[in-house]
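The values are calculated or read from the model by the stated rules, or taken from the named source; none is laboratory data. What you see is a predicted model; the values in this text were computed from it and never measured. Quick reminder, even Gly has a Cβ in these numbers, built from the backbone with ideal geometry, and neighbours come from all protein chains shown.
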Ligand code: HEC
Ligand code: HEC
């Protein structure tokens, strides 16, 4: 069996992903989700163990507009399942109309992210991070600040929630509180695991025909030293910023990919300076986390600020070794950004090779995940389970 898989598995993948190893189908993970073949055990905080009941409660809260101050938005307003829990917008707009400077990221395989959000090295736990969209005021997303008791009242009065909270937190009385809301939402987000794309069937499930010849050529390009993509988007989750139960160190890595160079010294737009915003170190200007590329075909527009409309546009920027913006307030030659990563040096692709690379990226789309009823809106007809 293993030998057979190894025969199907390109050598380069074998060394990078360990494909062809002991990955015999999905395994039961912590209650609430299955671990796909090829994936390690996720790291779950000891004080918020996964349970199917918390995931189900979290699913309801995720889709519930009553969680926002003015009842106009839920998490799903910016994180839609059909778009791998991104929103299709350039940058996000909160419940009171304020714009967020950043693009809403996909919530694919968040349980494995070493750090959370586009460029924050210290935000590592969902239980902490989710306070931002709920209570944050700069910018306002759900806008719960100042309406905490009113929102709890709306939820506590609903008999469905009374049942769901009692099941999720059976040892407690007065279960409807913000700590438990955040615990349940975190559990739901951790359950959003995607590992059933054509690429997974090819690399981990022994199905040599799951990728078209073009996508296979794209795969070889992706892992080549010419393109260097895998240095930052490597591993089972297509980002080196990954953590799991067996990790020995926290790999929190951030890179400048030469998208901007406003002043010739490497400046990025002032509302999106990346890691620099947190550390204040000038060398951290424009550094962002390499996001997962799973489901990337459905999560455009791309980059931290949604400034690349298509995958072809993203690839052309890497081909050029950065982005040259000729006019407007952000004009500048990103190719010459002095803070740019050495892995973004540029390369040449033929039109056919670019197509192949796009076909490979498209093979990371997991149709099961995008329509999985366990992650769908429970308030829509037929959704209640
Ligand atoms: C107004 C749109 C909006 C709403 C509403 C919203 N988010 Fe987000 N979400 C974003 C944006 C934008 C980011 C990126 C923030 C950053 O990088 O600073 C983000 C980031 C995240 C992340 C981190 C993802 C990663 O890749 O590290 C998680 C998890 C998340 N949101 C979950 C939620 C949950 C759960 C809710 C509901 C409580 C929610 N979001 C509500 C727009 C939104
Ligand atoms: C030096 C590390 C590095 C290398 C090499 C690299 N990337 Fe990236 N990639 C990143 C970072 C960091 C971001 C986010 C940048 C930002 O938003 O400013 C990103 C963003 C992306 C995105 C958009 C993701 C999203 O959710 O919006 C795609 C697609 C992508 N890269 C594909 C590739 C491909 C294909 C290659 C090889 C040609 C490649 N990357 C090489 C670090 C890298």
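Quick grid of which residues meet (1) at pLDDT 95 or above; (2) surrounded by 17 or more Cβ atoms within 10 Å (Cβ to Cβ); (3) not assigned by TED's automatic domain parsing to the domain that holds residue 70:
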site	(1), (2), (3)
91	yes, yes, no
108	yes, yes, no
138	no, no, no
159	yes, no, no
162	yes, no, no
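Being touching a residue at least 40 places away in the same chain (Cβ under 8 Å) and within 12 Å of ligand 2 (Cβ to nearest atom) is a description that does not apply to residue 130.
All conditions but one from (1) touching a strand residue (DSSP E or B) at 6+ places or on another chain (Cβ under 9 Å); (2) within 16 Å of ligand 2 (Cβ to nearest atom) apply to residue 93; the one that does not is (2).
If you go through the range 71-86 and keep only what is buried (at least 21 other Cβ atoms within 10 Å of the Cβ) and within 16 Å of ligand 2 (Cβ to nearest atom), you end up with 78, 79, 84, 85, 86.
Residues that are surrounded by fewer than 16 Cβ atoms within 10 Å (Cβ to Cβ), away from ligand 1 (no atom under 16 Å from the Cβ) and either at positive phi or part of a loop (DSSP other than H, G, I, E, B) (or both) within the range 244-298 comprise 245, 246, 247, 248, 249, 263, 264, 265, 280, 281, listed in sequence order. There is at least one residue in the range 212-235 that is closer than 15 Å to residue 359 by Cβ, surrounded by fewer than 21 Cβ atoms within 10 Å (Cβ to Cβ), more than 16 Å from ligand 2 (Cβ to nearest atom) and touching a residue at least 12 places away in the same chain (Cβ under 8 Å).
Please go through the range 298-316 and pick out each residue that is near ligand 2 (Cβ under 9 Å from one of its atoms) and touching a residue at least 60 places away in the same chain (Cβ under 8 Å). 299, 300, 301, 302, 303, 304, 305, 306, 307, listed by residue number. Of the residues making up the range 247-262, those that are at pLDDT 65 or above and under 16 Å from the mean Cα position of the chain (by Cα) are 253, 254.
Looking only at the range 110-128, which residues are more than 9 Å from ligand 1 (Cβ to nearest atom) and either surrounded by 17 or more Cβ atoms within 10 Å (Cβ to Cβ) or assigned to a loop (DSSP other than H, G, I, E, B) (or both)? Result: 111, 112, 114, 121, 122, 124, 125.
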